[in-house]
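See structure below.
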Amino acid sequence: MFFELTQSTKTSVKAFRCSFLDFIEDPFYVSTAESVRYIADGMLVIEKGKVKELGTYENLKNKYSKIPVTFYPDMTIVPGFIDTHIHFPQMEIIASYGEQLLEWLNKYTFPTEGKFKDKAYAQKVAAVFLDELLRNGTTTTLVFAAVYPESVEAFFEEASRRNLRAIAGKVMMDRHAPDFLRDTAQTSYLQSKQLIQKWHKKGRLLYAVTPRFAITSTDEQLRLAGKLLQEFPDVYLHTHLSENVDEVAWVRELFPDCESYLNVYDRAGLVGEKSVFAHGVHLSDEEFRRLSAAKSAIAFCPTSNLFLGSGLFKLEQAKSKEYPVKVGLGTDIGGGTSFSLLQTASEAYKVAQLQRQKLSPFQALFLATLGGARALSLEDKIGNFDAGKEADFIVVNMRSTPLMAFRNREATPTSLEELVDRVFSLVMLGDDRAISATYIMGELAYEVKR
């Protein structure tokens, strides 16, 4: 059940009682005790859509005795999930059979994205897309639209209607694509500039300069993308990088004077602190070092990497202490196979296992929350329950299916030791059914029918 927010539904100060779980540091680098914040019986106080205070219910109940309290017994409240790479025009081709990346683009993606010049059609898909995100507990997302400005307009209008923190951009693509999907270097620059001026920082919306990938952009288009970043230094760069071995080989042919795939973007001025590169499956050691030095981020998209046969992302190397790279999780719909970041985290665990590496349950959940916020340079606004942050959160039922109810005891865990097993079962077995409610800026946006 989805909820339309009106002024009459908004209360200036409100509170929630539940168990709370979030992260205050990165569990890849510090201990569980230093990184995880868990309150078995807690109280979250929200004022004007932002976190005012989080503490134990016992300590705060008298202080806030006169404000309304919503109680979720036997549930856990966690920060809203953050999807760092997804394509909204590809929603209708999710689970399309049988191809690897380059063939998949030509057979499924390009024909479908051609429909998005029709703004009414794009708006219809955007509405379903955003509702699906909310149903899966995703409250912030970094999105590819299509090459048409109309697709971006439609997406931002629907995201604004839901008061979501969303980042999106018009695809820039002037070669190696069907004629009906190509722009030019100059039109892509001008259209992107107009969209930035209209939408960037409008409410909770942000803009990302979005060349699809090096193969579909000429040197001139990439140069003009870099010019946009110079003119608007607080916008994002969002593109694909080293997803598939055939793609990497083609980039080498198209840019023989570049040292690496990443160097193609670097030469155009596209590698910076607000650059998010999807996939990065086949990166060299030098490329990892460069991403680390530039403070750029990688969107790890395990369901897509497995579905399209792209390969196994080197998470351990990305999160190394020597050359750490910011990493978030991406569903990469429609190459990815689930809107659920729980399912995505489950596949991330298996990708690590296949390389004889470990991904702890808390590390997995971190990537979906505060890790994603850091990847998007939004950790000052979202990602945990620190005071002053935007109150986007989800109510999670760790006993939401018969199997999960059988697997997990009824009692709420009282310690981190008890919690870790519960969280692992959530990551491995959970999906949209585990999301009982989704709140945006402290307002109920979605709730399972009771």
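The values are calculated or read from the model by the stated rules, or taken from the named source; none is laboratory data. Just so we're clear, the structure is a prediction, and the values are computed from it rather than from any experiment. So basically every Cβ, Gly included, is an ideal-geometry build from the backbone, and we count neighbours across all protein chains shown.
Pull up the range 123-143, narrow it to residues that are part of a strand (DSSP E or B) and in contact with a Lys or Arg (Cβ under 8 Å, 6 or more places away or on another chain), then point me to the one that is nearest to Leu205 (Cα to Cα).
Thr140
What residue, among those in the range 261-275 that are assigned to a loop (DSSP other than H, G, I, E, B) and either of a type in the set (A, V, I, L, M, F, W, C) or touching a Pro at 6+ places or on another chain (Cβ under 9 Å) (or both), is farthest from Leu237 (Cα to Cα)?
That would be Ala268.
Can Lys389 be described as among the charged types (D, E, K, R) and either surrounded by 17 or more Cβ atoms within 10 Å (Cβ to Cβ) or touching a His at 6+ places or on another chain (Cβ under 8 Å) (or both)?
Taking the combined requirement at face value, the residue satisfies it.
Among the listed residues Ala368, Ala352, identify the single one that is at pLDDT 95 or above, farther than 20 Å from Arg290 by Cα and surrounded by fewer than 24 Cβ atoms within 10 Å (Cβ to Cβ).
Within the list Ala368, Ala352, the selection yields Ala352.
Quick one: which of Ser340, Ser296, Ser320, Ser275 is buried (at least 22 other Cβ atoms within 10 Å of the Cβ), more than 15 Å from Leu241 (Cα to Cα) and not β-branched (Val, Ile, Thr)?
That would be Ser340, the only listed residue that is buried (at least 22 other Cβ atoms within 10 Å of the Cβ), more than 15 Å from Leu241 (Cα to Cα) and not β-branched (Val, Ile, Thr).
So if I check each of Glu58, Glu53, Glu92, which one is of a type in the set (Asp, Glu), surrounded by fewer than 17 Cβ atoms within 10 Å (Cβ to Cβ) and free of Cβ contacts under 8 Å to residues at least 40 places away in the same chain?
Being of a type in the set (Asp, Glu), surrounded by fewer than 17 Cβ atoms within 10 Å (Cβ to Cβ) and free of Cβ contacts under 8 Å to residues at least 40 places away in the same chain holds for just one of Glu58, Glu53, Glu92, which is Glu58.
Within the range 51-74, how many residues turn out to be of a type in the set (S, T, N, Q) and either part of a loop (DSSP other than H, G, I, E, B) or more than 31 Å from the chain's Cα centre (by Cα) (or both)?
Qualifying residue count, the range 51-74: 3.
Identify, from the list Glu99, Glu153, Glu113, the residue that is surrounded by fewer than 24 Cβ atoms within 10 Å (Cβ to Cβ) and in a helix (DSSP H, G or I).
Just one listed residue meets the conditions, Glu153.
Could you pull out the residue among Glu347, Glu322 that is in contact (Cβ under 8 Å) with a residue 12 or more places away in the chain and among the acidic types (Asp, Glu)?
Glu347 is the lone residue from the list that is in contact (Cβ under 8 Å) with a residue 12 or more places away in the chain and among the acidic types (Asp, Glu).
Of all residues being touching a residue at least 40 places away in the same chain (Cβ under 8 Å), touching a helix residue (DSSP H, G or I) at 6+ places or on another chain (Cβ under 7 Å) and in a helix (DSSP H, G or I) in the range 399-428, which is surrounded by the most Cβ atoms within 10 Å (Cβ to Cβ)? Just the residue, please.
Leu426
Can you find a residue that is buried (at least 24 other Cβ atoms within 10 Å of the Cβ), closer than 20 Å to Tyr236 by Cα and in contact with an Asp or Glu (Cβ under 7 Å, 6 or more places away or on another chain) anywhere in the range 176-188?
Within the range 176-188 (the criterion being buried (at least 24 other Cβ atoms within 10 Å of the Cβ), closer than 20 Å to Tyr236 by Cα and in contact with an Asp or Glu (Cβ under 7 Å, 6 or more places away or on another chain)), the answer is yes, since at least one residue qualifies.
Can you pull out the residues in the range 156-181 that are outside any helix (DSSP H, G or I) and either closer than 15 Å to Thr210 by Cβ or in contact with a Cys (Cβ under 9 Å, 6 or more places away or on another chain) (or both)?
Ala166, Ile167, Ala168, Gly169, Lys170, Val171, Met172, Met173, Asp174, Ala177 - these are the residues of the range 156-181 that are outside any helix (DSSP H, G or I) and either closer than 15 Å to Thr210 by Cβ or in contact with a Cys (Cβ under 9 Å, 6 or more places away or on another chain) (or both).
If you go through the range 85-96 one residue at a time, how many are outside any helix (DSSP H, G or I) and under 27 Å from Gly372 (Cα atoms)?
5
For the range 402-411, check the following and say yes or no: at least one residue is modelled with pLDDT of 95 or more and within 17 Å of Glu447 (Cα to Cα).
no
Within the range 400-422, is even one residue touching an Asp or Glu at 6+ places or on another chain (Cβ under 8 Å) and closer than 16 Å to Pro27 by Cα?
Taking every residue of the range 400-422 in turn, none turns out to be touching an Asp or Glu at 6+ places or on another chain (Cβ under 8 Å) and closer than 16 Å to Pro27 by Cα.
Select from the range 116-139 the residues that are buried (at least 23 other Cβ atoms within 10 Å of the Cβ), of a type in the set (Ser, Thr, Tyr) and in contact with a helix residue (DSSP H, G or I) (Cβ under 7 Å, 6 or more places away or on another chain) and list them in ascending order.
Thr138
One residue is enough: does the range 234-243 have a residue meeting the conditions charged (D, E, K, R), over 23 Å from the mean Cα position of the chain (by Cα), at pLDDT 95 or above and closer than 22 Å to Arg267 by Cβ?
No, the range 234-243 contains no residue that is charged (D, E, K, R), over 23 Å from the mean Cα position of the chain (by Cα), at pLDDT 95 or above and closer than 22 Å to Arg267 by Cβ.
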